[in-house]
1. Within the stretch 110-142, track down each residue that is β-branched (Val, Ile, Thr) and touching a helix residue (DSSP H, G or I) at 6+ places or on another chain (Cβ under 8 Å).
2. What number of residues within the stretch 11-31 satisfy the criterion of being among the basic types (Lys, Arg) and closer than 17 Å to ASP75 by Cα?
3. Could you say whether any residue in the stretch 24-39 is over 18 Å from the mean Cα position of the chain (by Cα), within 30 Å of ASP170 (Cα to Cα) and basic (Lys, Arg)?
4. Given the criterion at pLDDT 95 or above and under 23 Å from HIS142 (Cα atoms), identify the matching residue among ARG339, ARG323, ARG297, ARG291.
5. Which of the residues belonging to the stretch 18-50 are surrounded by fewer than 19 Cβ atoms within 10 Å (Cβ to Cβ) and assigned to a helix (DSSP H, G or I)?
6. Can you tell me which residues in the stretch 152-177 are hydrophobic (A, V, I, L, M, F, W, C) and under 22 Å from the mean Cα position of the chain (by Cα)?
7. Name, by its number, the condition in (1) under 28 Å from ASP150 (Cα atoms); (2) modelled with pLDDT of 95 or more that does not hold for ASP128.
8. Does GLU116 count as at pLDDT 95 or above and crowded, with 23+ Cβ neighbours inside 10 Å?
Amino acid sequence: MKDTLILAIESSCDETAAAVVKNGRTILSNIISSQIDLHTLYGGVVPEIASRKHIEKCNQVIEEALKEAGVTLDDLDAIGVTYGPGLVGALLVGVAEAKAIAYAKKLPLVGVHHIEGHVSANYIEHPDLEPPFLCLIVSGGHSHLVIVKDYGEFEILGQTRDDAPGECFDKVAREIGLGYPGGPKIDKVSKEGNANAITFPKGKVGDNPYDFSFSGVKSAVLNHLNQARMKGEEINRPDLAASFQKAVVDVLVEHTMLAAEDYKINKVAIAGGVASNSALRAAMEKACAERGYSFFRPSPIFCTDNAAMIGVAAYYEYMKGTRHGLDLNAVPNLKLGER
């Protein structure tokens with residue numbers, strides 16, 4: 001049987017990435033050009049700068065991905081690209097590039113949902129993982145708790161009602177002078193702190209036990225900092241970071257375990273940028289081990305934005321017959337499950 005080769009492009013935020021994926025599970029190349037240093041100057045991602053940088057880097061990362069994979073455009077079976085959600089200008093660069101290659105080479109075009117890509121990252125290193133399973137997706141802009149019923153088919157049990165976890169990490173990190181990006185910096189400094197030093201509230205949503213709310217814990221941290229400053233008290237950054245991180249991680253793990261129990265699912269996965277957080281990975285692994293659940297997580301490089309995961313998702317969409325026309329557009333607020 002002939003191998004299926006897909007070139008995938010990802011440009012939804014501040015990483016320009018391209019990858020070549022074989023048969024949905026084998027990564028032949030995974031090239032990522034990050035803009036973190038640029039955006040650190042501004043304390044967050046500046047959409048206009050991100051878009052311009054994608055234009056500069058897009059051809060380069062694609063050429064590098066093809067070269068590393070040892071293939072040419074003529075060897076490909078399809079082009080996969082993230083078309084939402086994300087920053088509209090950034091998405092448009094990748095979508096335009098994918099459409100141009102698909103048109104020039106007469107290749108099928110497969111638009112991929114960015115969140116579906118994150119879930120698919122789990123298939124890369126776990127060849128035995130197949131749906132159905134429960135997946136917690138946590139990133140800078142999203143948090144979802146879903147049942148992956150089949151490839152590309154999700155039942156959403158819960159999601160954030162307000163702020164995404166990654167957003168809160170960035171805000172808290174900025175307030176305590178750690179800078180951007182907040183997630184990795186809080187993760188690092190927390191290792192030196194006492195996670196039980198300060199008790200921060202855990203957000204609960206009354207009408208849905210699987211939904212998340214993180215605005216309360218973010219406000220509680222900011223209030224704690226303001227009161228300490230008004231009283232002239234010194235802030236123990238490692239303790240505060242560790243206590244805040246614990247409040248977020250506890251909620252994520254508790255809700256996931258509740259859903260696994262309620263829906264009788266014994267396979268649990270995590271995905272998304274925040275899934276690279278060491279405290280979350282450890283807490284989830286421990287909770288699953290105590291209950292006898294199988295636990296799956298991508299390596300950190302596949303948790304943050306990358307094109308390999310988009311190539312995996314594109315493969316399963318391609319096999320299902322999903323095709324997009326040259327009228328494919330960027331959809332910045334694309335909901336999970338929408339086409």
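1. Within the stretch 110-142, VAL110, VAL112, VAL119, ILE124, ILE137, VAL138 meet the criteria.
2. Looking only at that region, the number is 1.
3. no
4. Every option except ARG297 fails the conditions.
5. ILE36, ASP37, LEU38, THR40, PRO47, GLU48, ILE49
6. Those that are hydrophobic (A, V, I, L, M, F, W, C) and under 22 Å from the mean Cα position of the chain (by Cα): PHE154, ILE156, LEU157, ALA164, CYS168, PHE169, VAL172, ALA173.
7. Every listed condition holds for ASP128 apart from (2).
8. Against the criterion (at pLDDT 95 or above and crowded, with 23+ Cβ neighbours inside 10 Å), GLU116 qualifies.
The values are calculated or read from the model by the stated rules, or taken from the named source; none is laboratory data. Note that the structure is predicted; figures quoted are calculated from it, not measured. Note that each Cβ is placed from the backbone with ideal geometry, even for glycine, and that neighbours are counted across all protein chains shown.
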